[in-house]
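Here's the structure we're looking at; comments come further down.
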Amino acid sequence: MYSIGYDIGSSSIKCSILDIEKGKAIIQGYYPEQEMQISSPKPGWAEQDPEIWWEYVKILTKQLIQKANIDAEQIKSIGISYQMHGLVVVDKNKKVLRPSIIWCDSRAVEIGNNAFQNIGEDYCLNNLLNSPGNFTASKLRWIKENEPDIYKNIYKIMLPGDFIAMKLTDEINTTVSGLSEGIFWDFKSNSISKKILDFYGIDESLLPDIVPTFSVQGKLTKSAAEELGLKEGVVISYRAGDQPNNAFSLNVLNPGEIAATAGTSGVVYAVIDKLNYDKKSRVNQFAHVNHSSEQTRIGVLLCINGTGILNSFIRKNMASDLSYNEMNNLAEKIDIGCDG
C-alpha cells in the first residue's frame, strides 16, 4: 500500500511515493529538469501559471509509477506541500482568471504597509501575529484595485496547494494554517479576520471552506484519476505550506524545536506555544501543522529570499559546465568569509 506526496514548488514540482507499511520512500523525483520559469512582467513581479503546475504533476506521477513499476491501484492517499503565500483566483467554472501572484512577488508591499498603519500595528501584531505586508490578502487587494474586471469574476481564491487539491478533487478548501499564511486568520478570536476583510473590502465568500490539516480533505475524481493514472477515490489526507511541512518532515512539532532548510529561499523555522510576535516584523508567525484552539503551536519563520536561487544564478552565468555537486565540492575548499 502506497501514499504519494507532492511538493508544488516555484522551482519544480517534486513527488515521492511512500511504502506505507515499511515507512520508506520507494521513489522520488522532480519535473521539469530545469527550473520552472517565473514570469516578471514588471520589476518586482513574480508570476506562474497554475495550470503548468498541474500539467507537471500529471507528467511526474506517471513517470514515477512507471519507473517504480508499482500497481497504481495500491496508492491509497495523497499529501500536498506547496509554495506559501501565492494567490490563485478562479471563476465559477473553476477556471484560472490570471497567473498566480507567487510568494516572491513584491507588488503589494505598499498596500500591506498601508493596512499595517491604518488598522494599527498593535492590532495586527497581536491578532494576526504579522504585518499584512506582502502576503496573500494584500495581493488580492492589489487585484481589486488594479484589475477590477478580473476581481469581479472571482468565485474563490486559493493558495497553490489548494489549487492542486481542487484539480484532484473538484472541491475548493483550505486549512487554518493556510489562512494564517495569507494573513486571513485572527489568532485572538480563532476565526477568519473580519478586520482584514473589511479593511480590504473583501467578501468572506471568496475564501475556501476550512478543513483540518490532517483529514479527509477530498477524494480523487474519476477524471483526475484518469489523467494521473491512479484509481478514483484516492484520499487527499494532508496539506501544508512548504516551510511548516519541512519542519513536520523533520519532526519539528513542539516548542523549542527548530528546522533549517534551503530551497529557492533559505528558511529557519522554530515552533513556539504562545501567541508571540516580533515588534520589528523581522520574522513572521503562522499556524503550524499541529496548531489548534486547544493546543497553540506557532511556527516562527525567518526567510532569506536568495539561497538556492543564487546557486542557480551562479551556475547559469559563471559555471554552466559544473554540476551543483561539483560547485559544492569546490565551495567546501574555500575558507569561511572568503578572506573578506
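Can you tell me how many residues in the stretch 224-247 are more than 30 Å from Ala259 (Cα to Cα), in contact (Cβ under 8 Å) with a residue 12 or more places away in the chain and open to solvent by 10 Å² or more (accessible area, probe 1.4 Å)?
Summing the residues that are more than 30 Å from Ala259 (Cα to Cα), in contact (Cβ under 8 Å) with a residue 12 or more places away in the chain and open to solvent by 10 Å² or more (accessible area, probe 1.4 Å) in the stretch 224-247 gives 6.
Among (1) open to solvent by 10 Å² or more (accessible area, probe 1.4 Å); (2) farther than 26 Å from Val211 by Cα, which single condition is Trp103 missing?
Result: Trp103 passes all but (2).
With (1) modelled with pLDDT under 95; (2) open to solvent by less than 70 Å² (accessible area, probe 1.4 Å) as the list, and Val300 as the residue in question, which single condition is left unmet?
Among (1) modelled with pLDDT under 95; (2) open to solvent by less than 70 Å² (accessible area, probe 1.4 Å), the lone unmet condition for Val300 is (1).
So in the stretch 49-81, with the set limited to residues that are over 24 Å from Gln34 (Cα atoms), open to solvent by 70 Å² or more (accessible area, probe 1.4 Å) and touching a residue at least 24 places away in the same chain (Cβ under 8 Å), which one is nearest to the chain's Cα centre (by Cα)?
Step by step, filter the stretch 49-81, then rank; the result is Lys76.
Check Thr307 against each of (1) at pLDDT below 90; (2) open to solvent by 70 Å² or more (accessible area, probe 1.4 Å) and name the one condition it does not meet.
Status for Thr307: all satisfied but (2).
If I ask for residues that are within 15 Å of Leu159 (Cβ to Cβ), free of Cβ contacts under 8 Å to residues at least 40 places away in the same chain and open to solvent by less than 30 Å² (accessible area, probe 1.4 Å), which ones from the stretch 204-218 would you list?
Val211
Considering only strands (runs of 3 or more DSSP E) fully contained in the stretch 1-47, which possess at least 1 residues that are small (Gly, Ala, Ser) and either surrounded by fewer than 18 Cβ atoms within 10 Å (Cβ to Cβ) or free of Cβ contacts under 8 Å to residues at least 40 places away in the same chain (or both)?
Working: elements: 2-8, 13-19, 24-31.
Passing ranges, in order: 13-19, 24-31.
Checking the condition touching a residue at least 24 places away in the same chain (Cβ under 8 Å) and open to solvent by less than 30 Å² (accessible area, probe 1.4 Å), which residue from Thr175, Thr221 passes?
Sole residue among the options that is touching a residue at least 24 places away in the same chain (Cβ under 8 Å) and open to solvent by less than 30 Å² (accessible area, probe 1.4 Å): Thr175.
Hey, could you check the stretch 265-297 for residues that are among the small types (Gly, Ala, Ser) and under 18 Å from Trp185 (Cβ atoms) and say which is most open to solvent (accessible area, probe 1.4 Å)?
Ser293
Would it be correct to say that Ser180 is in a helix (DSSP H, G or I) and closer than 17 Å to Ile102 by Cα?
yes
One line per residue, one yes/no per condition, for (1) under 30 Å from Tyr151 (Cβ atoms); (2) more than 22 Å from the chain's Cα centre (by Cα):
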{"residue": "Ile192", "(1), (2)": "yes, no"}
{"residue": "Lys195", "(1), (2)": "yes, yes"}
{"residue": "Gly201", "(1), (2)": "yes, yes"}
{"residue": "Val211", "(1), (2)": "yes, no"}
{"residue": "Leu230", "(1), (2)": "no, yes"}
{"residue": "Glu257", "(1), (2)": "no, no"}
{"residue": "Ala270", "(1), (2)": "no, no"}
{"residue": "Lys274", "(1), (2)": "no, yes"}
{"residue": "Val283", "(1), (2)": "no, no"}
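The values are calculated or read from the model by the stated rules, or taken from the named source; none is laboratory data. What you see is a predicted model, and the numbers here were worked out from it, not measured in a lab. All Cβ positions, glycine included, derive from the backbone under ideal geometry; neighbour counts span all protein chains shown. Only protein heavy atoms, including side chains, enter the accessible area calculation; ligands, DNA and RNA are left aside. Shrake-Rupley method; radii C 1.70, N 1.55, O 1.52, S 1.80 Å.
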